[in-house]
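J.: Before I ask anything, here is the structure I am working with.
The values are calculated or read from the model by the stated rules, or taken from the named source; none is laboratory data. Keep in mind that what you see is a predicted model, and the values were worked out from it rather than measured. All Cβ positions, glycine included, derive from the backbone under ideal geometry; neighbour counts span all protein chains shown. The accessibility values were calculated without ligands, DNA or RNA, using every heavy atom of the protein model including side chains. Shrake-Rupley method; radii C 1.70, N 1.55, O 1.52, S 1.80 Å.
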Amino acid sequence: GGRLDRQAFWQHGMRCALGCRALARHLRRDAEAAFTAGLLHDLGELAMDTLWPEEYAPILEQSTTCSPERLLLERARFGLDHARFGGELARLWNFPVEIQMAILRHLDPDAEPCVPLGDVVFVADRAIRMHERGADPMAILEALPETVRTRLGLDADLLERICESAQVAGFYTDMLMS
């Protein structure tokens, strides 16, 4: 392995998966596909760190997860970022196309064509990361692109429920993983 904190990686993946499932259920979409996409959305990070630990280590040291800096560093070093790499791995491993596209687009919800499951993963990932840093639901809502808020019909109450469900379930996951 490399320098990526595997425990933190899987803890965040599980929280994101639970948030995705809660949001998908609210939207009456495939909750289990959303759970899987949420769990594996950062697969490319794990793979890059595993395959090229020496090359990926400086990227981990110089940037935070999913930051614009991290994506630029990944593209400069590998010619693609972890979202594209994860999407390609998902394609090579014959994941359902919906999950492949969600992994590919989880950082870029405004790319065309629209990927509905990608929107779900984007929102859950962003909301959970911001919530963990102390942001309130209204701040999270305002930080999301208006296009995504409109497509999913988001409001602060829904984001609060998503973060709470991920946090409560994540507490038990954290206990199991530590």
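J.: In square angstrom, what is the accessible area per residue of the stretch 1-88 with a 1.4 angstrom probe?
T.: Accessible surface, normalised per residue, equals 47 Å².
J.: Between [x] 43.9, 134; [y] 15.3, 43; [z] 15.7, 50, which matches Rg and Dmax of the Cα atoms in Å calculated for the structure shown?
T.: The value matching this structure is [y].
J.: Could you tally the net charge around L23, taking each other residue with its Cβ under 14 Å from the Cβ of L23, Lys/Arg +1 and Asp/Glu -1?
T.: Around L23, the surrounding residues sum to +1.
J.: Can you send over the carbon and sulfur percentage of the accessible area for the chain, probe radius 1.4 Å, protein chains only?
T.: 54 percent
J.: Order of 82-92, 17-27, 116-126 by packing, highest average Cβ count within 10 Å first?
T.: Top to bottom by mean Cβ count within 10 Å: 116-126, 17-27, 82-92.
J.: Whole number in Å², please: accessible area per residue of the stretch 99-151, 1.4 Å probe, ligands, DNA and RNA not counted.
T.: Using a 1.4 Å probe on heavy atoms only, each residue of the stretch 99-151 averages 44 Å².
J.: Among residues other than T50 whose Cβ falls under 14 Å from its Cβ, what is the net charge (Lys/Arg +1, Asp/Glu -1)?
T.: Net of charged neighbours comes to -4.
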